[in-house]
Amino acid sequence: MTPLEKPGETAAKLCLKCNLPLAMAKVGISYLGNTFPVDLPKCPGCGLVYIPEDLALGKMAEVEKLLEDK
Ligand SMILES: [Zn+2]
């Protein structure tokens, strides 16, 4: 009955698919034709990257595929 989400808690995000805690990882954000390495929370399971809202709605209009791990 109790919602799992805690409003205001921003420290640890969980992957909606895997229910795993996201870990910071260097990912490539494609913006205006260039790719920038950015540290973002990434799921170690499926590779999903959590894009902060301001990043998704603001500066980064286009988020392309992530850079593969080297
Ligand atoms: Zn996942």
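Figures for the structure shown
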item: Environment charge at Tyr50 (Cβ cut-off 11 Å; Lys +1, Arg +1, Asp -1, Glu -1); result: +1
item: Förster radius 22 Å - calculated FRET efficiency between Glu53 and Leu16, Cβ distance, rounded to 0.05; result: 0.90
item: Summed residue charge, Cβ within 12 Å of Met24's Cβ, Lys/Arg positive, Asp/Glu negative; result: +2
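Readers should treat all values here as calculations from the given coordinates under stated rules, not as data from a laboratory. For clarity, every value in this text was computed on a predicted model and none was experimentally measured. Note that each Cβ is placed from the backbone with ideal geometry, even for glycine, and that neighbours are counted across all protein chains shown.
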